[in-house]
Every structure is written in C-alpha cells, then in structure tokens.
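Student: This is the structure, below, for whatever I ask next.
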Amino acid sequence: MSAVNFQTPSFAEALASPDHWAMVAICLPLVGLVVVLHYEALERLNDWLPRLRMAPRARVLALMISLLAVHTLEIWIYASGLYATTHWPGLGRIAGVETLRLLDAVYLSTVTYTTVGYGDLIPQGPVRLLLGFEALSGFLLVTWSASFTYLEMQRNWKTR
C-alpha cells in the first residue's frame with residue numbers, strides 16, 4: 001500500500017476534497033439504512049411480541065435476543081462499509097493493522113458502535129467521518145432499544 005498523508009485538513013480543505021465528499025456520500029446511506037432497519041425491527045417487535053403465546057417474562061427474553069440480533073446486523077453493515085472504504089485509496093486507513101481484514105472491521109465497528117473505543121485501531125483520513133457517524137448512531141440506537149425494552153418490561157415484567 002502506498003504511503004498517503006492523512007494529516008487533518010482545514011475545514012476549507014475538507015470542503016474542497018473529493019475524498020471527504022465521497023465519504024459523506026458513503027456515510028449518509030449507511031446511517032439511513034441502519035436507522036430504517038432499527039425502526040422497522042422495533043415496529044415488527046411491537047406488533048409481534050404481544051401475539052407470542054408464551055409467558056410475559058419470556059417475551060422480554062425474546063425481545064432481548066431479537067435486539068441483540070438487530071444490533072449485530074447493524075454493526076456488520078457498518079463494518080462492511082468500513083472494510084470497503086479502507087480498500088479505496090484516499091478514503092483513509094486504520095492504524096494498528098497492516099491491512100484491515102473483515103473481522104478487524106467488525107471488531108472496530110463493534111467498539112465504535114457501542115462507544116467503547118479501545119484505541120488499539122485508529123482511523124486516519126476521511127474514514128474517521130464514518131466511524132464518527134457510527135458512534136453517534138450506535139449510541140442513539142442502543143438507547144432507543146433500551147427505551148423500548150423498558151416499555152416492554154413495564155407491560156410484561158410483573159413483580160410478585
């Protein structure tokens with residue numbers, strides 16, 4: 001891989017950079033996709049959970065397993081975008097690995113989505129925008145799931 005200088009550009013330089021605009025064009029559909037996916041998943045769960053013929057507390061367990069699956073899918077969507085962009089010259093790279101492999105991208109996406117951010121893999125260049133969007137949307141989607149879970153637990157988790 002050729003050495004590309006990924007120093008932080010000024011705001012004016014970023015606005016004039018086709019690479020930064022390409023990253024915006026990649027980020028917006030990815031964010032839109034995961035938000036719509038999450039909305040639709042919660043909509044389906046809201047309709048489906050009350051119809052389940054199982055104990056109310058078991059419905060909460062079904063909800064948690066479903067939400068874990070949805071969040072995992074959203075992480076993989078971001079990881080796929082991350083993997084693709086780091087293999088496109090000029091869009092950035094990830095310091096800490098020589099070549100970003102798919103499971104490296106899934107790991108980085110997971111720690112970014114959950115806002116844990118260990119710091120062993122560091123984005124450089126325009127790809128930082130993607131990971132920033134992922135952190136923000138991951139935080140919002142996790143809290144949205146938490147709010148939904150709270151409402152379901154109020155309905156289904158009766159104290160003795």
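Each value in this text was obtained by applying a stated rule to the coordinates, not by laboratory testing. As the structure is a prediction and not an experimental result, all values here were calculated from the model. Cβ sites come from the backbone with ideal geometry, for glycine too, and all protein chains shown count toward neighbours.
Student: Given Leu67, Phe139, Leu103, which one lies farthest toward the positive end of the charge dipole of the stretch 11-156, if we put +1 on the Cβ of every Lys and Arg and -1 on the Cβ of every Asp and Glu?
Tutor: The one lying farthest along the dipole's positive direction is Leu67.
Student: Of the peptides 47-54, 129-136, how do they stack up when ordered by the mean number of other Cβ atoms within 10 Å, highest first?
Tutor: Ranked from most to least packed, the peptides come out as 129-136, 47-54.
Student: I want to check the label-to-label distance for Ala12 and Thr115. Put each point 7 Å from Cα in the C-beta direction and report it in nm to one decimal.
Tutor: Rounded to a tenth, the inter-label distance reads 3.5 nm.
Student: Turning to a different aspect of this structure: What is the magnitude of the charge dipole of the stretch 11-156 about its Cα centre, with +1 placed on the Cβ of each Lys and Arg, -1 on the Cβ of each Asp and Glu, and no other charges, expressed in debye to the nearest 20?
Tutor: On the way: 9 positive and 11 negative charges, 131 e Å.
It comes to approximately 620 debye.
Student: Could you sort the peptides 143-152, 117-126 by per-residue average Cβ neighbour count (10 Å cutoff), highest mean leading?
Tutor: 117-126, 143-152
Student: Computed on alpha carbon atoms, what radius of gyration and Dmax characterise the chain, expressed in Å?
Tutor: 18.9, 65
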